Structure formats: C-alpha cells, structure tokens
Amino acid sequence: MTTQVEQPRRVPGAPEMLLQTSRHTIVKIPLPLPLPDLKVVNAYAVGTGDGVTLIDPGWASRESETMLVAALDSTGYTPADIRQILVTHGHWDHYTQGVKWRDELGVELLLGAEERHSIDAFDAGDGVHPNQVPVMERAGAAGLARAVAELQWQPYEREVAFTPPDRWLQDGDTVDAGGVTVTARATPGHTRGHMVFEVGGVAFTGDHLLPRITPSIALERAPERLPLRSYLRSLQLFLELPDARMLPAHGGTDQHTRRRAEELLDHHDQRLAVIAELIAAGAETAFDVARLMRWTRHERALAELETIHQMVAVMEVVAHLELLVSRGVLSVDESAPVSSFTVC
Ligand SMILES: [Zn+2]
C-alpha cells in the first residue's frame, strides 16, 4: 500500500509488452485493486521458452485473477506455465494472489526474508492496524489513535490468506527464470523485507521506487526500529548500482532508478530540514508537526485526510523525527506518555 490519495478512478490498462529479446519477454499487466484510493497494481511477467515468472501478481480477488489469466493467455502462457512467483513485499496488493496460487496450483512463492516478522505477527483478530495505535498515542494524536483502533476490516479484506512463502529470499539471491537470472536486492524501508528484482538493465522496484510519490514507511505489523534510515540507505543503493529502467508496482515505466532515487533522497532531505525547523520553532510532538505540514500533491491539511492517511502522515513524521534524534539533531523526552522533541 502507498500513501497515494485521490487518484482518479480508472480501469487497469491492457497488458503491455515492454521488452522482447531473443531470450525473454517482459510484459506489464495492470490489475485492479479493491481499495478506495489506490486502483491499480502492476504485475509483471518475465517469459522465456521455459515458462513464465510472475512478479507481484496482485490482490487475491476474482476480478484481478481473471484479468491476470487473460493477460497470460494473450502472451501465450497459462497458469500451468508459471515457474515461480516473486513478490517485492508482503503488502496485500502485491502478495495475496501469490499466496492463493501457491495454495491452489502449487507454484513456488518467494518473498524477502525480513517480511517474516510482519507475517508471523499477523492476527486478523488484533484489528486492522493494532501496532499503529500506540504510535499515534505516543505522537500526541489521542483522537486519531482512537479512530485507528476503531477501523474495521472491509469485506474485500476478510478471508484473505496471509501466510509465509515457500522460500525466504536474502539480499543477492538469484532465481532462474528459465535461462534468465533474476537478482534480489534487499531494499528495506517501505517494509522491512522489501526486495527489488533485477533482470539485465531492468529493475522491478515494487513500492521502493515509485514514479510520483514517496512510499509510506513501516506500514506493517512488526516494523523495524529506524525504518526511514533503512529507506534512505535503500535509496543510496541505487546511486551505486548500474542505472536501470524502473518498472514500479504502481504507475508508468518511463523512468530510471538512479534519477528517481536522487529525487527521493532530495525530497527526504527537505522533509528532514522542514521538520527540524518546525521543532526549532516550537512544535513539540509528532502530531504538532504533522498538523503544521501539508499533505499529498494537493497540499491538504492533516485534518482533511481520511483516518488511514492521517495515520500514515503521522507515521511519516515520527520516522523523520526518530531519524533526526539518531543523527543527534534533535533530542526526545520519552518520560511522559507523549514523546516531546527539542533541538539539541
Ligand atoms: Zn506496499
């Protein structure tokens, strides 16, 4: 999931052949999502003469599965030709159709090893975002914490299987996609086990590098301690790796990894500076800071956002404040129920 809001309603486009070499093809398969804000996830199919490898096959819904089967058919494959399913991270819009086909068809399912924490910690009976409630309380957003605690599962979220994969991927692991090698790169941040997959000069960037927005940080059951530090390191990685065409899980495919990583690093540098200035000017809590900032491309006030987006915005501020503390720019007083920040 991402923080994207107010995306216009639209139906997914047709499958698009992105690359065709003597050894393999890469097809983009836009799939529908049942979510209120985010309407499309891009699955990708890496096809060879020896089967097809799927990346991020989407949300487990009848509509999405039907479109995915039709897209495979249009490129000459059936579900029986799937060699394996690679998933960039455990968010349901990427992972759950993979779980369904693993369970029903016996296709091998692969996911980054650090996603195990949030899958192991998942219990639908705990609520929708149980671990984010105390984060909101500590941020000084008591009313928002209550609203998050009251969020209910939506019909399309009920009975979605969220279980471990067949194989946990480590950084640098390679997967044989039928004579074509896929390399997994650990890119923690958006989630702690996020992976980007490389094939030649192409990078399947999941939600790590997106064309228009910066992804949410640590929206998962069991986040790591400094997720923004990990995210920025995972952006730095793309300044060092060879530049690659960016195939993101949401949006278009006309950008490249290095430039986009630079833009996102600049964005977070600016955010860190703005947040430090707001604390210097007298804001004390993460909620204070979030209310002083503007959100989304439309420059909305925090109170204008839906509960879930307010929560993600406050989480983003918390992640930036914690990183500023770890860098020695700010100090934090955690003796009271609400954390308060000051400039060092
Ligand atoms: Zn995601």
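The values are calculated or read from the model by the stated rules, or taken from the named source; none is laboratory data. Keep in mind that what you see is a predicted model, and the values were worked out from it rather than measured. Don't worry about glycine lacking a Cβ; one is built from the backbone with ideal geometry, like all the others, and counts go over all protein chains shown.
Only one entry of 232, 237, 210, 278 meets the criterion of being in contact with a strand residue (DSSP E or B) (Cβ under 9 Å, 6 or more places away or on another chain) and away from the ligand (no atom under 16 Å from the Cβ), and that entry is 237. Quick test for you: out of 148, 182, pick the one residue that is buried (at least 20 other Cβ atoms within 10 Å of the Cβ), under 28 Å from residue 290 (Cα atoms) and away from the ligand (no atom under 16 Å from the Cβ). That would be 148, the only listed residue that is buried (at least 20 other Cβ atoms within 10 Å of the Cβ), under 28 Å from residue 290 (Cα atoms) and away from the ligand (no atom under 16 Å from the Cβ). Per the listing 68, 111, 19, the residue uniquely assigned to a strand (DSSP E or B), within 21 Å of the chain's Cα centre (by Cα) and not aromatic (Phe, Trp, Tyr) is 111. Among the residues of region 311-331, are any in a loop (DSSP other than H, G, I, E, B) and either in contact with a Phe, Trp or Tyr (Cβ under 6 Å, 6 or more places away or on another chain) or farther than 27 Å from residue 239 by Cβ (or both)? Scanning region 311-331 turns up no residue that is in a loop (DSSP other than H, G, I, E, B) and either in contact with a Phe, Trp or Tyr (Cβ under 6 Å, 6 or more places away or on another chain) or farther than 27 Å from residue 239 by Cβ (or both). Could you please find all residues in region 292-310 being in a helix (DSSP H, G or I), farther than 18 Å from residue 133 by Cα and in contact with a helix residue (DSSP H, G or I) (Cβ under 7 Å, 6 or more places away or on another chain)? 292, the sole residue that qualifies.
Filtered by the rule that a residue be aliphatic (A, V, I, L, M) and within 14 Å of the ligand (Cβ to nearest atom), region 185-207 gives 195, 196. Of 264, 209, 272, all but one fail to be farther than 23 Å from residue 56 by Cα and at pLDDT 95 or above; the exception is 272.
Of all residues in region 150-194, those satisfying the criterion of being of a type in the set (Phe, Trp, Tyr) and assigned to a loop (DSSP other than H, G, I, E, B) are 153, 162.
Candidates in region 76-95 are the residues that are outside any helix (DSSP H, G or I) and surrounded by fewer than 16 Cβ atoms within 10 Å (Cβ to Cβ); of these, the one that is nearest to the chain's Cα centre (by Cα) is 78.
Against the criterion of being part of a loop (DSSP other than H, G, I, E, B) and either modelled with pLDDT of 95 or more or over 18 Å from residue 148 (Cα atoms) (or both), residue 336 qualifies. Going through (1) in a strand (DSSP E or B); (2) within 15 Å of the ligand (Cβ to nearest atom); (3) surrounded by fewer than 22 Cβ atoms within 10 Å (Cβ to Cβ) one by one, residue 221 falls short only on (1). For residue 244, indicate whether it is under 29 Å from residue 82 (Cα atoms), hydrophobic (A, V, I, L, M, F, W, C), away from the ligand (no atom under 16 Å from the Cβ) and touching an Asp or Glu at 6+ places or on another chain (Cβ under 9 Å). Yes; evaluated as a whole, the condition is true for this residue.
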